[in-house]
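Some notes on the structure that comes next.
The values are calculated or read from the model by the stated rules, or taken from the named source; none is laboratory data. Computed from a prediction, not measured in an experiment: that's the story for all the values here. Neighbour counts run over all protein chains shown; Cβ positions are idealised from the backbone, glycine included. Please note that ligands, DNA and RNA were not included when accessible areas were found on the heavy atoms of the full protein model with its side chains. Shrake-Rupley method; radii C 1.70, N 1.55, O 1.52, S 1.80 Å.
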Amino acid sequence: MMSDADLALVLDSMKREVVESHPPPSMRRIVSLVIAVKRMETRITDEKLLCEHLKVFENPLKRDEQKPRFFRQSSRTVDMQHSVCNSQLRKLVFKCNPPELHSATLQAITMKDRNLEERVVNLSLSTYRVTCFEGRGELVALGIPETKYIFCAEKSNEQEIPILMLQEVSNKEMLEERFLFLRYRCGQDTTTFESVKFKGWYISTARDKDARLDMCEKDANDRLITFKVTH
């Protein structure tokens, strides 16, 4: 009969096979290993030892789920400036003047005051190469022209829902998915922008008031997700 120490060595070997295998083992192999461990369960006297070694089988591929995806900028991309307004023709402006870019927010407002013209913001759109989203839309990053600031969809510490932020990025050749959006063209110049990291969440403006740009789900009643984008 094998000792507890010998059984522990066997379990360690199984754990390394799951964690260090490249490519990861198939689900059939993982199931076989779990069954083998279960058969040993009655022969291990130390329950804590068994629980410690079984943890790896709870979600053996969890380590890969947390890795962000990166996408490479298209070699044909040109950072052109675009005029952007929402479907109610509200233009994008900085909320404060002059803007503190590291903490700035954009809002869509009705242009009633000519003095606000100097705060109107155009956006630059950069395209990125991708195959996994073929047929779903154009992969783009949206930024403030002549700066290093681009839009980012991320969850804040206070909320469990994604919010829209501006973050400084020095090199845009490779970007994480939180900086990227799928651009869907609805007609000649009507567009929506869906977050790549948070599927089903779109860049949006408030429906009935001048409020900041933010993220919302597609069917949110109090938000607008369509924009008019022109060169």
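Table for the structure above
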| read-out | value |
| --- | --- |
| Positions within region 136-161 being within 16 Å of ARG212 (Cβ to Cβ), in contact with a helix residue (DSSP H, G or I) (Cβ under 9 Å, 6 or more places away or on another chain) and assigned to a loop (DSSP other than H, G, I, E, B), in sequence order | ILE144 |
| Matching residues in region 195-231 - criterion: being at pLDDT below 90, open to solvent by 30 Å² or more (accessible area, probe 1.4 Å) and farther than 16 Å from SER156 by Cβ | ARG207, ASP208, LYS209, ASP210, THR230, HIS231 |
| Pair list, Cβ under 6 Å, 6 or more apart: region 209-222 residue touching a residue at least 12 places away in the same chain (Cβ under 8 Å), other residue among the basic types (Lys, Arg) and assigned to a loop (DSSP other than H, G, I, E, B) | ASP222/ARG207 |
| Pick from region 137-158, criterion within 16 Å of the chain's Cα centre (by Cα) and open to solvent by 80 Å² or more (accessible area, probe 1.4 Å), ranking: modelled with the lowest pLDDT | ASN157 |
| Test for LYS172: is it touching a residue at least 24 places away in the same chain (Cβ under 8 Å) and assigned to a strand (DSSP E or B) | no |
| Every pair of residues 6+ apart whose Cβ atoms lie under 8 Å, when the first sits in region 181-193 and is hydrophobic (A, V, I, L, M, F, W, C) and surrounded by fewer than 16 Cβ atoms within 10 Å (Cβ to Cβ) while the second is at pLDDT 90 or above and not in a strand (DSSP E or B) | CYS186/THR226 |
| Members of region 156-169 found to be touching a residue at least 24 places away in the same chain (Cβ under 8 Å) and under 18 Å from GLU194 (Cα atoms), listed by number | ILE161, PRO162, ILE163, LEU164, LEU166 |
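Matching residues to (1) touching a Ser or Thr at 6+ places or on another chain (Cβ under 9 Å); (2) polar (S, T, N, Q); (3) assigned to a strand (DSSP E or B); (4) within 22 Å of THR110 (Cβ to Cβ):
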site: THR191; (1), (2), (3), (4): yes, yes, yes, yes
site: GLU194; (1), (2), (3), (4): no, no, yes, no
site: LYS197; (1), (2), (3), (4): no, no, no, no
site: TYR202; (1), (2), (3), (4): yes, no, yes, yes
site: THR205; (1), (2), (3), (4): yes, yes, yes, yes
site: ASP208; (1), (2), (3), (4): no, no, no, yes
site: CYS216; (1), (2), (3), (4): yes, no, yes, yes
site: ASN221; (1), (2), (3), (4): no, yes, no, yes
site: VAL229; (1), (2), (3), (4): yes, no, yes, yes
